Amino acid sequence: PRSISMSDGIPLKQVPPVLSRSLGDQHAMGNPHVWADPYHVRTMAATLRDALVDALPAHAAEITARHAEFHTALTRALVGWLTEFRALKGTPVVSYHQSYTYLLERLGLDNVATLEPKPRVVPTVSHMEQLVETMKAREVTLILGEPWQFPEPAEFVAERTGADILVISTHPGWPEGT
């Protein structure tokens, strides 16, 4: 069987200079959360299109046409989103994990810090207290998280800073109501 890497052609960020479990759950090749940036989804869709055309040459025209429709719709939506978010450029936010690094950069938002002191390491009280001070100094009013992350650290920090918590689901319909 043939395998493809959906991140081919996308420069990965946060490539660790040294690999060590003492630094948390590192991704050896860099931050893999490229799918969170709609612009990168365009590249990923083209990678998939090419693989499908190679695997199913009899369906090349249909695959190519459907990809073109998807690409056009996504590009139109991306232009709209970038236009809407333009006014928020530079707004400081905190995220639980580095899941939205690519999206936040695309939208021009400033990811000041993460709740996790290291990737996939549950925040300690001392880390959260330091984060509270950073958020107050930088006037951060938004914490981004995902449904499967422990809510307590975000709640702890939000209570002390007045920040709102926005849980973003990347899985439509999960949790219910998203």
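The values are calculated or read from the model by the stated rules, or taken from the named source; none is laboratory data. As the structure is a computational prediction, the values presented were derived from the model and not from experiment. Quick reminder, even Gly has a Cβ in these numbers, built from the backbone with ideal geometry, and neighbours come from all protein chains shown. Heavy atoms of the whole protein, side chains included, go into the accessibility calculation; ligands, DNA and RNA do not. Shrake-Rupley method; radii C 1.70, N 1.55, O 1.52, S 1.80 Å.
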Charge context of Gln130, other residues only, Cβ under 15 angstrom, K/R +1, D/E -1
+1
Estimated inter-spin distance, Ser5 and Ala68, nm [label 7 Å along Cα→Cβ]:
3.1
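If packing is taken as the mean number of other Cβ atoms within 10 Å per residue, what is the order of 32-39, 169-176, 20-27, 117-124, highest first?
32-39, 117-124, 20-27, 169-176
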Per residue, how much accessible area does the chain show when a 1.4 Å probe rolls over the protein heavy atoms, in square angstrom?
61
If the cut-off is a Cα-Cα distance under 26 Å, which lysines reach Lys13, setting aside same-chain residues fewer than 8 apart in sequence?
Lys89, Lys118
Projected label distance in nm at Ala51 and Ala137, using a 7 Å step from Cα toward the beta-carbon
4.4
